1. I'd like the Karplus ³J(HN,Hα) series for the stretch 56-70: coefficients 6.51, -1.76, 1.60, θ = phi - 60°, whole numbers in Hz, and an x wherever there's a Gly or Pro.
2. Using the heavy atoms of the protein chains and a 1.4 angstrom probe, tell me the accessible area per residue for the stretch 59-101 in square angstrom.
Amino acid sequence: MENGAVYNETTEPEAKAPRRRPFGCTLQHLRGWRLPAKVVQAIFSFVAVVCEEIVDDCSYCSGLYFFEFISCSAFLLSLLILCVYCTDMYESLGKEKVQKL
């Protein structure tokens, strides 16, 4: 009895890992007009934050503080949407959770 007949190779050859895109970037979930609209939204909200920060002196600042909160929130949320839809995070979270979010 030969050792070759009794002992067969039990491990499979290692498969190559699938090639990943840099930073997991993909544009397949924001097609057509949606991607430029989200980019423009992020740019406008960032400009609003910058314009609010330029104001040095105000007499009634409650409106300015409210505008600061809204513009900063809009900027951060638009960046979050772009990150979720343009990276692999969309697949890892799942379509249902992303729509619920």
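The values are calculated or read from the model by the stated rules, or taken from the named source; none is laboratory data. These figures come from a predicted structure and were not determined experimentally. In case anyone asks, the SASA skips ligands and DNA or RNA and just uses the protein heavy atoms, side chains included. Shrake-Rupley method; radii C 1.70, N 1.55, O 1.52, S 1.80 Å.
1. Listing the rounded values in order: 8, 9, 9, 8, 10, 8, 5, x, 5, 5, 5, 4, 4, 4, 5 Hz.
2. Working: 3250 Å² over 43 residues.
Averaged over the residues of the stretch 59-101, the accessible area is 76 Å².
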